[in-house]
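Only the coordinates and a few stated rules stand behind these numbers; no lab work does. Note that the coordinates shown come from a computational prediction; the quantities given were computed from them, not determined experimentally. Because the Cβ atoms are built from the backbone with ideal geometry, glycine has one as well, and the counts that use them run over all protein chains shown.
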Amino acid sequence: MASTSVAIFVAAMTVSGCSAGVDERRSNTSPAPAPNSYEEMNAEFNAEKKNLRLPAEAAWPADVRRDGAGDLYAPGYGTSQAEQFWYCSWAKRWLSARTVSEEDASAALSELKSVKRTSLYLTAFAPEVQRETDSELAAAEKGDQTLLSAGVERNC
């Protein structure tokens with residue numbers, strides 16, 4: 001559920017970054033940030049990759065997937081994409097390690113729980129998505145893979 005909401009949010013961010021109406025612009029005291037080109041969004045993605053550590057078996061894509069030629073992206077979209085890839089990588093690691101190595105599973109879960117310090121969680125996730133993520137992590141902490149597994153299957 002959380003990951004589905006992420007996809008919906010990210011799609012909304014992509015559209016909303018370039019679709020503010022005239023009335024919205026008048027009501028804001030500061031202008032909305034200009035949308036990013038693919039190159040700018042990809043630069044955000046690549047910059048954020050440097051701040052995140054992946055499990056040993058995971059590898060970053062060279063570039064984030066392009067939606068289409070000429071598409072515009074809301075500022076922060078590239079960062080969110082990097083953080084989502086990171087979260088998915090650690091979720092997959094926890095799912096594969098949980099029945100094999102308690103130590104590896106614990107390390108993966110520790111990484112997953114640090115999602116609460118990311119801009120993905122703090123600014124991109126709506127409150128209900130934050131609660132869903134919290135539920136996934138709480139269940140994982142109790143050894144229940146159901147919620148996290150469903151999220152990975154839907155969105156990773």
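Annotations
- Selected residue [in contact with a helix residue (DSSP H, G or I) (Cβ under 7 Å, 6 or more places away or on another chain), of a type in the set (S, T, N, Q) and surrounded by fewer than 17 Cβ atoms within 10 Å (Cβ to Cβ)] from Ser119, Ser106: Ser119
- Subset tally (residues that are β-branched (Val, Ile, Thr) and under 24 Å from Val100 (Cβ atoms)) for the range 128-155: 2
- Any hit, the range 111-131, residues being over 16 Å from the mean Cα position of the chain (by Cα) and within 18 Å of Asn51 (Cβ to Cβ): no
- Considering residues of the range 83-103 that are among the hydroxyl-bearing types (Ser, Thr, Tyr) and free of Cβ contacts under 8 Å to residues at least 24 places away in the same chain only, the residue surrounded by the fewest Cβ atoms within 10 Å (Cβ to Cβ): Thr99
- If you go through the range 43-63 and keep only what is crowded, with 16+ Cβ neighbours inside 10 Å and in contact with a strand residue (DSSP E or B) (Cβ under 9 Å, 6 or more places away or on another chain), you end up with just Glu44.
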